[in-house]
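Peer 1: The structure that follows is given in the form of structure tokens.
The values are calculated or read from the model by the stated rules, or taken from the named source; none is laboratory data. It should be emphasised that the depicted structure is a prediction, and the values quoted were computed from it without experimental measurement. Counting neighbours? That spans all protein chains shown, and the Cβs are built from the backbone with ideal geometry, glycine included. Ligands, DNA and RNA are excluded from the accessible area calculation, which covers all protein heavy atoms including side chains. Shrake-Rupley method; radii C 1.70, N 1.55, O 1.52, S 1.80 Å.
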Amino acid sequence: MKIILNNEAITLNGTTVADLIAQTAPQKPFAVAVNTGFIAKDAYAETVLNENDKVDIVRPVVGG
């Protein structure tokens with residue numbers, strides 16, 4: 001299925017946020033949002049993605 005990850009179209013080999021994390025292996029720590037809604041870490045396995053969903057995987061910014 002095609003999704004938009006950090007503004008780039010990719011093919012997801014799975015259906016959930018957990019599948020996406022396994023496929024992309026982002027560097028920790030990170031946060032995930034699907035269609036601008038934050039997804040808690042314990043909900044990754046149950047959060048099903050749909051064709052053309054917009055997913056952002058972001059790292060926290062530290063400093064000031």
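Peer 1: Just read off the accessible area of Ile57 with the full protein assembly in place, 1.4 Å probe, to the nearest 10 Å².
Peer 2: Surface open to solvent at Ile57 totals about 20 Å².
Peer 1: Next question, about the same structure. Let's see if you can work this out: charge +1 on each Lys and Arg Cβ, -1 on each Asp and Glu Cβ, no other charges. What is the dipole magnitude of the chain about its Cα centre, in debye to the nearest 20?
Peer 2: 220
Peer 1: Let me ask something additional. Could you tell me the convex hull volume per residue, in Å³, taken over the Cα atoms of the chain? Walk me through the numbers before you get to the answer.
Peer 2: Values: hull volume 5.8 nm³, N = 64.
Measuring per residue, one finds 90 Å³ for the Cα hull of the chain.
Peer 1: Roughly how many nanometres apart are two label points built 7 Å out from the Cα toward the Cβ at Asp56 and Asn13?
Peer 2: Going by the 7 Å Cα→Cβ label model, 2.8 nm.
Peer 1: So with the 1.4 Å probe, I'd like the accessible area per residue for the chain, rounded to whole Å².
Peer 2: On a per-residue basis, 66 Å².
Peer 1: If you take the charge dipole of the chain about its Cα centre, with +1 on Lys and Arg Cβ and -1 on Asp and Glu Cβ, which of Val61, Leu49, Thr15 is farthest toward its positive end?
Peer 2: In the chain, that residue is Val61.
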